[in-house]
Amino acid sequence: MTTRVTLISPAMNPAVREARFDDGCSLDAAGAARARSAADEVRPAAAALVSPAVRCRQTAAALGLHVRDEPALAGLDMGRWRGLTLDEAAAREPEALARWLADPAARPHGGESVHLLCARVGGWLDEAARTSGRLVAVVEPEVVRAATVRVLGAPEDAFWRIDVAPLTATAFTGRAGRWNLAPGTALGRTDRTPAERPGR
């Protein structure tokens with residue numbers, strides 16, 4: 001039995017441009033347009049899921065996906081830092097931010113730690129591996145990072161060394177108790193030939 005999971009990061013929005021912890025803002029016009037242009041690049045799936053965040057739902061809609069919310073794939077709860085830029089958090093609580101970036105178990109903002117996120121996403125992957133077929137989910141970038149850490153068996157402090165660009169598709173293929181990873185492929189690129197399109 002083979003399970004194929006494709007995790008798609010949301011398109012560009014102001015929070016991404018400003019390096020701001022997500023505060024529920026919408027996609028910007030360019031991000032929405034690029035997502036609409038990528039709709040034919042996403043292969044049909046047995047199930048389509050979405051992280052319960054505005055930018056993820058809007059990306060899924062622009063891609064033409066009929067999705068259901070999956071709470072286990074929610075983004076990292078940033079507690080009182082929600083809506084702040086990284087620089088603002090550093091200015092207000094420099095020691096707390098440094099601790100958060102250095103220790104996956106730390107949650108000085110009062111929200112969720114990287115460790116807890118990785119455990120949550122890893123549990124979801126374990127459940128997904130019990131089903132066959134293809135799943136697609138539009139999720140926050142940190143969910144893609146957490147899944148990558150778990151699939152590769154990497155230490156959790158590697159979380160910060162994984163870049164996830166807007167509107168990229170990262171594929172995980174599970175079989176016989178192990179996962180293989182195909183790193184993120186940009187969607188909505190106008191310079192890609194048909195043979196280069198994801199899932200073709």
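Observations, loosely collected:
- Flag for Val50 being more than 24 Å from Ala32 (Cα to Cα) and surrounded by 15 or more Cβ atoms within 10 Å (Cβ to Cβ): no
- Residue match in region 21-29 (condition: closer than 30 Å to Leu97 by Cβ, touching a helix residue (DSSP H, G or I) at 6+ places or on another chain (Cβ under 8 Å) and outside any loop (DSSP other than H, G, I, E, B)): no
- Evaluation of Gly24 against (1) within 17 Å of the chain's Cα centre (by Cα); (2) at pLDDT 95 or above (one fails), failing number: (2)
- Restricting Ala53, Ala32, Ala62 to residues that are within 27 Å of Gly174 (Cβ to Cβ) and either touching a residue at least 24 places away in the same chain (Cβ under 8 Å) or among the acidic types (Asp, Glu) (or both) narrows the list to Ala53.
- Hits in region 1-31 (condition: crowded, with 21+ Cβ neighbours inside 10 Å, more than 19 Å from Ala182 (Cα to Cα) and among the polar types (S, T, N, Q)): Asn13
- Test: Ala195 is touching a Gly at 6+ places or on another chain (Cβ under 7 Å), modelled with pLDDT under 95 and open to solvent by 30 Å² or more (accessible area, probe 1.4 Å): no
- Under the condition of being modelled with pLDDT of 90 or more and open to solvent by 50 Å² or more (accessible area, probe 1.4 Å), the residues counted in region 127-141 number 2.
- Once region 85-100 is narrowed to residues that are open to solvent by less than 20 Å² (accessible area, probe 1.4 Å) and among the aliphatic types (A, V, I, L, M), the residue that is farthest from the chain's Cα centre (by Cα) is Ala96.
- Residues located in region 53-79, provided they are in a loop (DSSP other than H, G, I, E, B), more than 23 Å from Val114 (Cα to Cα) and open to solvent by less than 30 Å² (accessible area, probe 1.4 Å): Leu63
- Restricting Glu142, Glu93, Glu112 to residues that are more than 30 Å from Ala46 (Cα to Cα), in contact with a Leu (Cβ under 9 Å, 6 or more places away or on another chain) and in contact (Cβ under 8 Å) with a residue 12 or more places away in the chain narrows the list to Glu112.
- The single condition from (1) open to solvent by 20 Å² or more (accessible area, probe 1.4 Å); (2) basic (Lys, Arg); (3) within 22 Å of Glu112 (Cβ to Cβ) that Arg34 fails is (3).
- Residues of region 1-19 classified as modelled with pLDDT under 90 and either assigned to a loop (DSSP other than H, G, I, E, B) or touching a Ser or Thr at 6+ places or on another chain (Cβ under 7 Å) (or both), total: 4
- Taking region 35-50 as the range and being touching a residue at least 60 places away in the same chain (Cβ under 8 Å) and aliphatic (A, V, I, L, M) as the test, the residues that pass are Ala35, Ala38, Val42, Ala45, Ala46, Ala47, Ala48, Leu49, Val50.
- For Ala147: the one exception among (1) without any contact (Cβ under 8 Å) to a residue 60 or more places away in the chain; (2) surrounded by 14 or more Cβ atoms within 10 Å (Cβ to Cβ); (3) assigned to a helix (DSSP H, G or I): (1)
The values are calculated or read from the model by the stated rules, or taken from the named source; none is laboratory data. Please read these numbers as outputs of a predicted model, since none were measured by experiment. For neighbour counting, all protein chains shown are included, and Cβ atoms are generated from backbone atoms with ideal geometry for every residue, glycine included. We work out accessible area using only protein heavy atoms, side chains counted, and drop any ligands, DNA or RNA first. Shrake-Rupley method; radii C 1.70, N 1.55, O 1.52, S 1.80 Å.
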